[in-house]
Amino acid sequence: MNVSTIMLIAGVVLILTGCFELIRTRNMLKIIIALELAIKAVSMFITLGGWLNGNMPVAESFVVSVIVIEVVVATVLAGIAISIFHKHGTMDIRNLRNLKG
Amino acid sequence: MNIAIYVCLGAMLVFGFLSVLSRHLINAAISLAAVSAACGVLMYVLGAHTAAIFEVSVCSGLVTVIFISAVSLSNGDKQASAPEKRAHLLPIILIAIGAILVIVSLLTGFSLGTHSTVGSAASFDNVFWETRQADIFGQMVAIIAGASAIVVFFKESEKQ
Amino acid sequence: MSALAVITQLFLALPLLALVVNNLVPRETMRHTTIGMSAGVATAQLLAAIIGFVLLSASGESSFRFALAWDAAKGLGYFRVDLVTLFLLACVGLVSLIANLTAFTTIDDHRSSFTNLLMVMLLGMNGMLIVRDLFSLYVFMEVTGIASFVMIGMYKSTRDLEGAFKYMVLSMLATIFILTGLSLLFIKAGSLSFDLLRPALFEGVVDAKTLLSWVALVLLVSGYAIKSGVVPFHSWLPDAYESADSAVSIMLSGIVTKIAGVYSMLVLVRLFPGNMALRGTLLVLGLLTIITGALLALQQQSFKRIAAYSSVSQMGYILLGFAADTRLGIIAGLLYLLTHALAKTALFTNAAALEKRLGTLNVNEMGGLQAKMPVTAFSSVAALLSIAGVPPLAGFWSKLLVLIALWSAGLRGVAAAALLLSILSGAYFLRLQKKAFFGKLNPRWNSVVEITGGIQVSELLLSIATIAIGLLFPLVLLYLQHAGLV
């Protein structure tokens, strides 16, 4: 049981937290939080990978790209959420029931 | 060095649970920023210095700003007065999963090895600017896409 | 500088140039001009990809490496095209051309961002097809995804936003899966470049890192399955297709799910040939998808939803082709992708025509429209017969090739099952045809007239392509026989 295994387990727990929250929550903005939480753990995994296999510069470039992409995604998600808020006056996803079948 | 890693991991887990459990969005956002900061420190300790700077400034700073603007733009949310049920069971389940993983890895002798410096001759600058041009191009396009998204959602009129 | 070096530059340069030009001119007044421009970009891409395909196959090389213009001088080559990706680049060009022709009619005057988003989507898909690295593949997949979310929610009506939001949340889940998978693979391999990922990653002594590579493979396949809308990850897809504008549905159904999801699966299949677990998973996913998609399509009332569930169902055949894990299987899957893209694009242009003329897409309210809209009826019958696999249309041959590939790979039971299940797709299409175009004319539509303009042109174009490919397909078979594959 060394430090890398502990980091791996902590990361798995954080990713699961993010995934469960992504599915469970009914607030559209909290979905962004859940996503970001999981992405944090993934960036930690990538850094861990670089630390373990000695390719840290490659890992760093991956992390930087992931961060940039996720910021854009979070912005777009927030934009959609706010547009829906202007329609319904609430951030509750239980109002999203128009599409069925 | 190991102590620093454990402290950062602990902080990430605690603030991660807090951000999921908190009733108010602002608290959740601040907890997320704390997770991000802890992750940044962890990256620094592991030797990813540039990534750590990005993590702290962009994720901990910019994302929180975006998030808080989104919360204030949606001011008057009915949800704020009637927050959703807390997930009391969630952290317990997750801690149990973590404990099971720890036990399994102890029993099976699971080991990923330790720090290696085999291929780290090149610097981050060299690797990023010399071999990852495809990613850089992709990021550029993604930012254009984000800008178009803002135009669509905040500037263009609705369909009549 | 060879001709191929010039042509490959176009795939990124043209959409980028169109983006710049589109944002320089005053847009609100120039909607048709900008859509015309993006149609031009799509046509140029189609031609460039076809010429590139011919040049590359004539040169005998398996792939061609290149870089962005300012890096190419330094001798770098971080992009590559091969015959598979050139084929898919041509498909991207074709479907975007049709989407633009439809957009002339369906996109209203306030949607000046349509061209921007379409060009970003093209850049994303072209990027996915030319990169040489699993991580860059993820970056461009995300670009494609962002463009699709925004395009679905473009009109900002309640339904649009809802479809976009559902798609986005599931996509986020896919992103988490894919990124986790990539990071675990990176721990073992130390790189994500296609050149360095080998089947050997999963062989040898089972240690902790090999175990993580297997977990990574599972996560990657599930992530890509969400992106391609395969059962059991299909729930976002009909919502997104139904709520989006028809021009956007054409892009999504015709090509985006195929590039973002199925091409990524193909990358895995080509990286790790002979991986039995991957093959088995694709088989199971494929069969499940064919059955569930077809059964759900039988229950739908909306024209677009039927087409959407049929997309889900047909995706299964492409996966089955890849699951055969032979060169013939991959070729069969790709040809299936092309014929399905033609047919499904035709169906969504029909949906655009019906929506424009009738204002509804509920098939129960239609009936007998064949008399009023003969071109639409003809093209939808051609598309449906092609999807159902009726000879001599294009869909029949590609389905046959998939079955042959499965049979020769020793998966005879699966081939038989796939053959039986294709009857199901015949069933939901007969139902659709009967309700929409045949039977007694609903008196409500007495004054309906046939659609004109870009939609009619694309309907005709697609029907002709479906029939022509069907009639010329024996030539393809001869070529394959010449190459020793059939």
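Quick notes on this structure:
- Judged by the mean number of other Cβ atoms found within 10 Å, the most tightly packed of the peptides C:377-389, C:239-251 leads the ranking C:239-251, C:377-389.
- Within 10 Å of the Cβ of each residue in C:161-167, the mean number of Cβ atoms contributed by other protein chains is 6.
- Residues whose placed amide H lies under 5 Å from that of C:ASP133, excluding near-sequence neighbours: C:PHE194
- Binned Cα-Cα distances of chain C, short to long, each 10 Å bin given as a whole percent: 4, 21, 32, 28, 12, 3, 0, 0
- Inter-part distance, the stretch A:71-95 to the stretch C:146-184, computed on C-alpha centroids, equals 12 Å.
- Relative contact order of chain A, defined on C-alpha pairs under 8 angstrom at six or more residues apart (%): 27 percent
- Interchain or long-range residues, amide H under 5 Å from C:LYS372's placed H: none
- Residues in the stretch C:99-139 that a label on C:ARG270 would reach, taking backbone N under 16 Å of a point 7 Å out along Cα→Cβ: C:125-138
- Kirkwood hydrodynamic radius computed over the stretch C:232-299 comes to 13.6 Å, based on all pairs of distinct alpha carbons.
- Under the criterion of Cα pairs below 8 Å and six or more residues apart, the relative contact order for the stretch C:134-254 equals 32 percent.
- Residues of the stretch C:46-84 with amide N under 20 Å of the 7 Å Cα→Cβ point at C:HIS482: C:50-63, C:83-84
- Descending Cα extents along the principal axes, the protein assembly as shown, whole Å: 78, 64, 51
- The mean number of Cβ atoms from other chains found within 10 Å of a Cβ in peptide A:21-33 is 6, as a whole number.
- Tensor-based shape of the stretch A:3-95 (alpha-carbon gyration tensor, a/c under 1.5 rounded, otherwise prolate or oblate): oblate
- C-alpha long axis of helix C:113-130 to longest principal axis of chain C, angle in °: 30 degrees
- Helices meeting the span-like rule in chain B (full DSSP H runs, Cα extent of at least 24 Å along the helix axis, mean Kyte-Doolittle score of 0.5 or higher): B:2-21, B:25-46, B:89-108, B:133-154.
- Dipole in debye (nearest 20) - the stretch C:391-486, about Cα centre, beta carbon charges: Lys, Arg +1; Asp, Glu -1: 420 debye
- Under the simplified labelling scheme, the C:ILE291-C:GLU203 pair shows an inter-label distance of 3.4 nm, with each label point 7 Å from Cα along Cα→Cβ.
- Dimensions in Å of chain B - Rg and Dmax from alpha carbons: 20.6, 64
- Per-residue [θ]222 nm for the protein assembly as shown (sum of -39500 (n - 2.57) over DSSP H runs n ≥ 4, rounded to 500): -25000 deg cm²/dmol
- Helix C:454-482 axis, angle to chain C major axis (alpha carbon atoms, nearest 10°): 40 degrees
- Kirkwood hydrodynamic radius (C-alpha pairs) into Stokes-Einstein, the stretch C:266-377, 4 °C and 1.567 mPa s, D in µm²/s: 83 µm²/s
- Inter-label distance for C:VAL54 and C:ALA277, nm, one decimal - labels placed 7 Å from Cα along Cα-to-Cβ: 4.6 nm
- Contact order normalised by residue count of chain C, Cα under 8 Å, 6+ apart, percent: 13 percent
- Computed from Cα positions, the angle between helix C:208-228 and the longest principal axis of chain C comes to roughly 20 degrees.
- Each principal axis of the Cα cloud of the stretch B:8-66 was taken in turn, and the coordinate range along them, longest first, works out to 36, 25, 8 Å.
- Of the trypsin sites (Lys or Arg not before Pro) found in the stretch C:379-467, those in coil by DSSP whose Cβ has at most 16 other Cβ atoms within 10 Å are C:LYS440.
All of the numbers you see were taken from the coordinates with simple rules; none came from a lab. All values reported here derive from a predicted model rather than from experimental measurement. Here the Cβ is made from the backbone with ideal geometry for all residues, glycine too, and neighbour counts use every protein chain on show.
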